[in-house]
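*Asks:* This is the structure I want to talk about, given as structure tokens.
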Amino acid sequence: MNITVILCTFNRCLGLHNALDSVVAQVLPDSVTWEVIVVDNNSSDQTLATAQGYCRRYPGRIRYIFEPQQGLSRARNAGIRDARGEIIAFIDDDVIAEPTWLHNLTASLQDVKWAGAGGRILPPVDFQPPHWLTLGGEMDLGGPLALFDLGDVPSELKRAPYGTNMAFRKNMFEKYGYFRVDLGRCGNSLLSGEDTDFGNRLMAAAEHLRYEPSAVVHHPVPKERLSKKYFRSWWFDFGRTRIIERDGRPAIFGIPREYISIVNLAWHLLPVRILQWLLTLKQKPRFYKKCQVWLTVGEMVQNYRRGLSSESVVR
């Protein structure tokens, strides 16, 4: 088997068929063998019936597995363990892939130079961002909408790709481990980052990741995400994620290193970011700087939580 596509899903039976229809319609050379694994992450709706219908219609192409432990990372890891392909591609259950998505995303991975690849994640063609939202450029706020667009030119990635449009050679998971289960969406939590954490691990180990702009999926933008409150919450949890990703460091003179980080953030970075936010008049850059404040507060909160854990271990 050349390629395995892993699609994890949770209680989205009504829209799941849109994603699956776009995946089974992929155009690949006849010489390429590939499969799709639908990982049901403990859904309570009609996901099982929907997935089984596709398994019957596409025998040998689509397989279904059930992962009872809640969490996107656990679901993806279950799919990896069951995958037969030498290359593993990931896609979400609410996106639409263009017909050449899979071929364009994985073609470069035949060259062992590339450990993985990430493609473009675009909004629907009729999407109109709010007047306060910046997409692209240095003040990009597309993260909460899972949008990823680095332009039209293929290149080596300097930042990790997003989970709804990425692929890796399977031996990368054997070499560097699977997705971290303390990260990734689980229930109502906005904690994420298991995908970018894995990509960052590879790049830190001098592995090469490719940006492939011709591998395109279209990601819906739910109305409930187009609020400033959602963005503030997402950036707060992103700050927490950044601290969780870091390995714990030894205490200094018995003081947990996390408490020292809180002091540095509170006295140096946070006041600067608050001042930048308050002094910025234009709406888009002002909201971007406000999100940076929430990111910093999230980092402080997670440092505090980790510091408490360090104290309990010492005691």
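*Asks:* LEU109 is checked against (1) farther than 19 Å from ASP197 by Cα; (2) touching a helix residue (DSSP H, G or I) at 6+ places or on another chain (Cβ under 8 Å) and fails just one. What number does that condition carry?
*Replies:* Just one mismatch for LEU109, condition (2).
*Asks:* Further question on the same structure: Scanning segment 115-128 for residues that are touching a residue at least 60 places away in the same chain (Cβ under 8 Å) and of a type outside the set (A, V, I, L, M, F, W, C), which turns out nearest to ALA205 (Cα to Cα)? Step through it out loud before you land on a result.
*Replies:* Step one: list which residues in segment 115-128 are touching a residue at least 60 places away in the same chain (Cβ under 8 Å), which gives 115-125, 127.
Okay, now just the ones that are also of a type outside the set (A, V, I, L, M, F, W, C), so 116, 118-120, 123-124.
Values: GLY116: 13, GLY118: 18, GLY119: 21, ARG120: 24, PRO123: 32, PRO124: 35 Å.
So the residue we want is GLY116.
*Asks:* Can you tell me which residue is modelled with the highest pLDDT among those in segment 1-47 that are among the small types (Gly, Ala, Ser) and assigned to a loop (DSSP other than H, G, I, E, B)?
*Replies:* ALA25
*Asks:* Looking at LEU183, is it assigned to a loop (DSSP other than H, G, I, E, B) and over 19 Å from ARG76 (Cβ atoms)? Break it down into steps so the answer makes sense when it comes.
*Replies:* Values: assigned to a loop (DSSP other than H, G, I, E, B): yes; over 19 Å from ARG76 (Cβ atoms): no.
When the stated conditions are applied, LEU183 does not pass them.
*Asks:* Does any residue of segment 60-70 turn out to be among the charged types (D, E, K, R) and within 21 Å of the chain's Cα centre (by Cα)?
*Replies:* Filtering segment 60-70 down to residues among the charged types (D, E, K, R) leaves 61, 63, 67.
If we keep only those that are within 21 Å of the chain's Cα centre (by Cα) too, we end up with 67.
Yes, that holds for at least one residue.
*Asks:* Give the number of residues within segment 82-120 that are surrounded by fewer than 19 Cβ atoms within 10 Å (Cβ to Cβ) and in a loop (DSSP other than H, G, I, E, B).
*Replies:* Matching residues across segment 82-120 total 8.
*Asks:* Next question, about the same structure. Could you list all residues from segment 206-243 that are in contact with a Lys or Arg (Cβ under 8 Å, 6 or more places away or on another chain), among the hydrophobic types (A, V, I, L, M, F, W, C) and surrounded by fewer than 22 Cβ atoms within 10 Å (Cβ to Cβ)?
*Replies:* VAL216, ILE243
*Asks:* So which pairs qualify, if the first residue must be in segment 239-252 and among the basic types (Lys, Arg), the second must be part of a loop (DSSP other than H, G, I, E, B), the Cβ gap must be under 8 Å, and the two must be at least 6 apart or on different chains?
*Replies:* Listed pairs, sorted by first residue: ARG240/LEU191; ARG242/GLY193.
*Asks:* If we scan segment 50-68, do we find a residue that is in contact (Cβ under 8 Å) with a residue 24 or more places away in the chain, aromatic (Phe, Trp, Tyr) and over 17 Å from LEU102 (Cβ atoms)? Write out each step before concluding.
*Replies:* The first filter runs over segment 50-68 and keeps only residues in contact (Cβ under 8 Å) with a residue 24 or more places away in the chain, leaving 50-51, 54, 58, 60-68.
Retained after the next criterion (residues that are aromatic (Phe, Trp, Tyr)): 54, 58, 64, 66.
Add one more test, that the residue is over 17 Å from LEU102 (Cβ atoms), and what stays is 64, 66.
Yes.
*Asks:* State whether one or more residues within segment 128-151 are assigned to a helix (DSSP H, G or I) and modelled with pLDDT of 95 or more.
*Replies:* no
The values are calculated or read from the model by the stated rules, or taken from the named source; none is laboratory data. Treat the numbers as computed from the prediction; the structure is a model and nothing was measured. Quick reminder, even Gly has a Cβ in these numbers, built from the backbone with ideal geometry, and neighbours come from all protein chains shown.
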